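One structure below.
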Amino acid sequence: MPPIGFVQLLDPSEHFRPESKYKDYNADKRTKKDKSEFRQFEENLQTERVAETYRLMHTKQTLSFVKEKIDKWGKLDHSEMTILDAVFMLDSLIDASDPDTDLPNSVHAFQTAERIRAKYPGDDWFHLVGLIHDLGKVLALWGEPQYCVVGDTSPVGCAFQKSVVFHQFFKENPDSLDPVLNTEYGIYKPNCGLENIFLSWGHDEYMYQVLTKNGCKIPKQGLAMVRYHSFYPWHSGGDYYHLCSEEDFKSLEWVQKFNEFDLYSKSDALPDIPALTSYYQGLIDKYCPGQLKW
Ligand SMILES: [Fe+2]
Ligand SMILES: [Fe+2]
């Protein structure tokens, strides 16, 4: 059981990657333990949790469900706090997939940011995106179930594609039986642009709404990274291009760049968070200052 006030969260996007391009990204890289040290039941339990999260997501996230979530959370009437407040609020989430870590979730935020900073020193907005990309997970602390917070995202309002992980669970989704929604384009027009489609509800879309509605000045490629980093069927699976605009293909390159830094490895050095805070506070003051509405 997690300590009182903490919420257990498993992000299957960051812990379960079935694509062959991530074959080197496996349990050994994510833990101090050798793979042989894992007891079988721990692996089975994790697989079960991942599958159950996707079963609920694919069964319940219909087009109307997503619209209701956008309506509810998009009002940003839940809280007011700064970006750094939210970074440290994430420490109340416990990684349910990893029994041998006690690292605060803010470590993932700073590690991602620092890896980006080392490779792209001149793009300060990119460093900030690394820090903030998962802040939408605060939804879990406000009672949203995991299948509405974490995991890969994919379009609703058109046919569910085989490129989506655990796609077999979509057969229980009522939209699969809808004669309009269950077509290649559904309610959308060819190459209408991703900004005009509804993706399954989760921490990506929520954080995009927080940033844009608070008037944050992060460049549009950075906003695309926040909004689409869990859209694996697109940025890693090469699917849904028939809904993309020319602009989306430009964003795709940036989202793929970002993705290299997101999947974390415990072989990374632990960031010295107190020493880094003033640098990131400067970026926050530049791009998304003060109290934001959440
Ligand atoms: Fe994420
Ligand atoms: Fe992440």
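Conditions: (1) closer than 19 Å to His203 by Cα; (2) more than 16 Å from ligand 1 (Cβ to nearest atom); (3) outside any helix (DSSP H, G or I). Ser230 meets all but one. Number of the miss?
Exception for Ser230: condition (2).
Any residue in the stretch 196-210 that is over 11 Å from Pro155 (Cα atoms) sitting within a Cβ distance under 8 Å of a residue that is in a helix (DSSP H, G or I) and more than 14 Å from ligand 1 (Cβ to nearest atom)? List the pairs, counting only those 6 or more apart or interchain.
That search, which allows pairs on different chains as well, returns Glu205/Ile70; Tyr206/Trp73; Tyr208/Leu223; Gln209/Ile70; Gln209/Trp73.
If you check Phe38, Phe16, Phe6, Phe65, which single one turns out to be at pLDDT 70 or above, away from ligand 1 (no atom under 16 Å from the Cβ) and closer than 27 Å to Phe261 by Cα?
Sole residue among the options that is at pLDDT 70 or above, away from ligand 1 (no atom under 16 Å from the Cβ) and closer than 27 Å to Phe261 by Cα: Phe6.
Could you check how many residues of the stretch 210-227 are away from ligand 1 (no atom under 15 Å from the Cβ) and assigned to a helix (DSSP H, G or I)?
4
I'd like to know if the stretch 211-224 contains one or more residues that are surrounded by 14 or more Cβ atoms within 10 Å (Cβ to Cβ), closer than 14 Å to Leu131 by Cα and touching a Gly at 6+ places or on another chain (Cβ under 7 Å).
Among the residues of the stretch 211-224, not one is surrounded by 14 or more Cβ atoms within 10 Å (Cβ to Cβ), closer than 14 Å to Leu131 by Cα and touching a Gly at 6+ places or on another chain (Cβ under 7 Å), which makes the answer no.
Of the residues Thr112, Thr153, which single one is of a type in the set (Ser, Thr, Tyr) and either more than 21 Å from Phe198 (Cβ to Cβ) or over 17 Å from the mean Cα position of the chain (by Cα) (or both)?
Just one listed residue meets the conditions, Thr112.
Give the residues of the stretch 193-208 that are surrounded by fewer than 24 Cβ atoms within 10 Å (Cβ to Cβ) and touching a Phe, Trp or Tyr at 6+ places or on another chain (Cβ under 6 Å), sorted by residue number.
Ile197
Return yes when Lys213 is over 25 Å from Leu139 (Cα atoms) and either of a type outside the set (Val, Ile, Thr) or touching a residue at least 24 places away in the same chain (Cβ under 8 Å) (or both) and no when it is not.
In short, no.
Evaluate the stretch 271-293: report whether one residue or more is under 18 Å from the mean Cα position of the chain (by Cα), under 23 Å from Lys137 (Cα atoms) and not in a helix (DSSP H, G or I).
For the stretch 271-293, residues under 18 Å from the mean Cα position of the chain (by Cα), under 23 Å from Lys137 (Cα atoms) and not in a helix (DSSP H, G or I): absent.
Report whether or not Val156 is more than 14 Å from ligand 2 (Cβ to nearest atom), farther than 19 Å from Ser236 by Cβ and exposed (fewer than 15 other Cβ atoms within 10 Å of the Cβ).
no
Taking the condition at positive phi and either touching a strand residue (DSSP E or B) at 6+ places or on another chain (Cβ under 6 Å) or in contact (Cβ under 8 Å) with a residue 40 or more places away in the chain (or both), does Leu63 pass?
no
For residues that are farther than 20 Å from Cys288 by Cα and under 16 Å from the mean Cα position of the chain (by Cα), scanning just the stretch 115-144, find the one that is nearest to ligand 1 (Cβ to nearest atom).
Ala140
State whether one or more residues within the stretch 245-265 are loosely packed, with under 14 Cβ neighbours inside 10 Å, within 24 Å of Arg115 (Cα to Cα), within 13 Å of ligand 2 (Cβ to nearest atom) and at pLDDT below 95.
For the stretch 245-265, residues loosely packed, with under 14 Cβ neighbours inside 10 Å, within 24 Å of Arg115 (Cα to Cα), within 13 Å of ligand 2 (Cβ to nearest atom) and at pLDDT below 95: present.
So which of Thr47, Thr62, Thr82, Thr53 ends up being under 20 Å from Gln146 (Cα atoms), among the β-branched types (Val, Ile, Thr) and surrounded by fewer than 17 Cβ atoms within 10 Å (Cβ to Cβ)?
The match here is Thr47.
Pairs, please: C-beta under 8 Å, at least 6 apart or cross-chain, first residue within 16 Å of Asp124 (Cβ to Cβ) and of a type in the set (A, V, I, L, M) and in the stretch 218-241, second modelled with pLDDT of 95 or more and part of a loop (DSSP other than H, G, I, E, B)?
Partner pairs satisfying both residue conditions: Ile218/Cys288; Met225/His133; Val226/His133; Val226/Ile218.
The values are calculated or read from the model by the stated rules, or taken from the named source; none is laboratory data. It should be emphasised that the depicted structure is a prediction, and the values quoted were computed from it without experimental measurement. We place every Cβ from the backbone using ideal geometry, glycine too, and count neighbours over all the protein chains shown.
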